[in-house]
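K.L.:
Structure below; questions to follow.
The values are calculated or read from the model by the stated rules, or taken from the named source; none is laboratory data. What you see is a predicted model, and the numbers here were worked out from it, not measured in a lab. We place every Cβ from the backbone using ideal geometry, glycine too, and count neighbours over all the protein chains shown.
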Amino acid sequence: MFWLHLFILLLFILVGSQLKGIALGFMGALGTLIYVYVFDLPIGKAPIDVMLIILCVISAAASLQAAGGLSYLVSIAEFIIRKNPGAITFIAPFVTFVFTLLAGTAHICYSLLPIIAEVAAKKRIRPERPLSISVVAANFGITASPISAATIAMFTEVSKVEANVYGVVQIISIVLPATLIGIFAGALVANFMGTNLDKDPDFLNKLTNQAFKNEIDGINSTVEKTEHKPQAKISVLLFLMGIIGVIVLGLNPALRKTSMVESIELIMLSVVFLNVVFAKINASAIASSSIFKTGTEAIVSIFGVVLMSNTFIAAHSSFLSESLRPIISTHVWLFSLAVFVMGALLFSQTATVKAIMPLGVQLGILPGHLIAMYPAVNADFVIPSYPTLVAAINFDKTGTTRVGKFLLNHSFILPGITLTFVTILTAFGIIYLFY
């Protein structure tokens, strides 16, 4: 029955990912229903802690958005990108990465993508280069963030191993520097992708159209300067103080009066309160923000798909352990391929962690090795239907950022695989050298 159950799991994940939105959640719930009521499997554990973390963090990020703080952060990013147009392929991905890390959501890059595309095209740099690596780098900001649900989920899983020495801060101290090196490697690969824009025959042909040339060069466009209210800057300061608070508690367990998960939840909700009071935002505006809407959709999706995955793994844990342990014990890095494939299917770092890392724990993989493979959950660039990838394609007016004739030969695949591979390899190196 294992293969039939596996087929159901993969089928429902694939269908849910193609339907978009919260479809992954209700397809997961339906799959769990079939497992329990048709095949009589015991129901798995729901990811309640992860769902609550997401709810609290997106509430804080939504309060930041409502106060204008997110817009203020974007204006800073725009200034950095426009100030160094010639090096945009290397600067842009680090900007999107840092802002995801600070804002707690990769969706901040929606505001940056048109800026990246415009600056690159005006400088006659192929927009495909900075756009492809910037989108992937933005998602890697999630796994390097100390307040992301994915990181807390990872911490929760490795904590199940006896004598575990890795806390949230230790995870970040491994993943963050490894990711920075990975981003540079990915940008280096992206920098040599495709023909230079000033020698691209398709682009040169389009330039003969004066309307297209005006659009690319911005002759008819104006750059508006937005004055940000003091409340926007206050909200950014409060949000950063919340992140610092999380790091301090992570570094000093003696200061904590509760678990790290609960500490993060309380700090993030306190940030919301402080934003309401000092940034003078309307509390009802938080629930109506785009970040809050996106986050609640993620909660539904994670609940359904993780519950289905946990039900499957719990029912077949013995078979999986007996089958995979001989291979994994000899070639532990092969487990990263399983993490990567699951990440490509689930389109969610947190859901991937909760779906596959418990299996790694059962297989006896060392916590340090699991942490090194943790960045593999950022495989949502593989299938070019993730919203940020689609947005990057649409914002590139030159048409260089695109999907090829085959599903996987798109603009994001080479920079994405390079970034993932180098990050994991570097993370393993950091663990062997310092842990």
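K.L.:
Closer than 26 Å to Glu118 by Cβ, in contact with a Gly (Cβ under 9 Å, 6 or more places away or on another chain), at pLDDT 85 or above and of a type in the set (A, V, I, L, M): is that true of Val236 in this structure? First the steps, then the outcome.
P.N.:
Numbers: closer than 26 Å to Glu118 by Cβ: yes; in contact with a Gly (Cβ under 9 Å, 6 or more places away or on another chain): yes; at pLDDT 85 or above: yes; of a type in the set (A, V, I, L, M): yes.
So Val236 fits the description; yes.
K.L.:
For the range 328-348: of the residues being touching a helix residue (DSSP H, G or I) at 6+ places or on another chain (Cβ under 6 Å) and of a type in the set (Val, Ile, Thr), which is farthest from Val175 (Cα to Cα)?
P.N.:
Filtering first and then ranking leaves Ile328.
K.L.:
Out of (1) among the charged types (D, E, K, R); (2) closer than 27 Å to Ala376 by Cα; (3) over 25 Å from the mean Cα position of the chain (by Cα), the odd one out for Lys280 is which?
P.N.:
Single failed check for Lys280: (2).
K.L.:
Across the range 349-383, what is the number of residues that are in contact with a helix residue (DSSP H, G or I) (Cβ under 8 Å, 6 or more places away or on another chain), in a loop (DSSP other than H, G, I, E, B) and surrounded by fewer than 24 Cβ atoms within 10 Å (Cβ to Cβ)?
P.N.:
Number of matching residues: 5.
K.L.:
Check off (1) over 22 Å from Gly141 (Cα atoms); (2) touching a residue at least 60 places away in the same chain (Cβ under 8 Å) for Leu11 and give me the number that stays unchecked.
P.N.:
That leaves (2) as the condition not met.
K.L.:
Separate question: Just give me the residues in the range 176-206 being under 27 Å from Gly141 (Cβ atoms) and outside any helix (DSSP H, G or I), in sequence order. Lay out the reasoning, then the answer.
P.N.:
Our first condition is that a residue be under 27 Å from Gly141 (Cβ atoms); within the range 176-206, this holds for 176-194.
Within the range 176-206, Asn191, Phe192, Met193, Gly194 meet the criteria.
K.L.:
Give the number of residues within the range 305-348 that are assigned to a helix (DSSP H, G or I), of a type in the set (Ser, Thr, Tyr) and in contact (Cβ under 8 Å) with a residue 40 or more places away in the chain. First the steps, then the outcome.
P.N.:
We begin by selecting, within the range 305-348, every residue assigned to a helix (DSSP H, G or I); these are 305-315, 317-330, 334-346.
Filter once more, keeping what is of a type in the set (Ser, Thr, Tyr): 309, 311, 317-318, 321, 323, 329-330, 336.
With the extra rule that they be in contact (Cβ under 8 Å) with a residue 40 or more places away in the chain, the set shrinks to 309, 311, 317, 321, 336.
Total meeting the criteria: 5.
K.L.:
Also, I was wondering about something else. Looking only at the range 384-435, filter to residues that are at pLDDT below 85, hydroxyl-bearing (Ser, Thr, Tyr) and in a loop (DSSP other than H, G, I, E, B); which one of those is farthest from Gly186 (Cα to Cα)?
P.N.:
This residue is Tyr435.
K.L.:
Find the residue count for the range 297-319, including only residues that are buried (at least 18 other Cβ atoms within 10 Å of the Cβ) and aromatic (Phe, Trp, Tyr).
P.N.:
2
K.L.:
Looking at this structure, is Lys280 of a type in the set (Lys, Arg) and in contact (Cβ under 8 Å) with a residue 24 or more places away in the chain? Before the answer, list the steps.
P.N.:
Working: of a type in the set (Lys, Arg): yes; in contact (Cβ under 8 Å) with a residue 24 or more places away in the chain: yes.
It is true that Lys280 is of a type in the set (Lys, Arg) and in contact (Cβ under 8 Å) with a residue 24 or more places away in the chain.
K.L.:
So which of Phe97, Phe79 ends up being modelled with pLDDT of 85 or more and touching a Phe, Trp or Tyr at 6+ places or on another chain (Cβ under 8 Å)?
P.N.:
Numbers: Phe79 fails: touching a Phe, Trp or Tyr at 6+ places or on another chain (Cβ under 8 Å).
Result: Phe97 is the single residue among Phe97, Phe79 that is modelled with pLDDT of 85 or more and touching a Phe, Trp or Tyr at 6+ places or on another chain (Cβ under 8 Å).
K.L.:
Are there any helices (runs of 4 or more DSSP H) wholly within the range 65-175 with 1 or more residues that are buried (at least 24 other Cβ atoms within 10 Å of the Cβ), in contact with a Pro (Cβ under 8 Å, 6 or more places away or on another chain) and in contact (Cβ under 8 Å) with a residue 12 or more places away in the chain, and if so which?
P.N.:
Numbers: elements: 69-83, 88-103, 109-122, 128-143, 149-158.
Answer list for the range 65-175: 88-103, 109-122, 128-143, 149-158.
K.L.:
Going by what's in this entry, would Thr151 be described as closer than 25 Å to Pro253 by Cβ and touching an Asp or Glu at 6+ places or on another chain (Cβ under 8 Å)? So that I can check it myself, show each step before the final result.
P.N.:
Numbers: closer than 25 Å to Pro253 by Cβ: yes; touching an Asp or Glu at 6+ places or on another chain (Cβ under 8 Å): no.
Here the answer is no, as Thr151 does not meet what is asked.
K.L.:
Across the range 226-263, what is the total count of residues that are part of a helix (DSSP H, G or I) and closer than 18 Å to Ser173 by Cα?
P.N.:
Of all residues in the range 226-263, those part of a helix (DSSP H, G or I) come to 230-251, 253-255, 260-263.
Then drop every residue that is not closer than 18 Å to Ser173 by Cα, which leaves 243-251, 253, 260.
Number of matching residues: 11.
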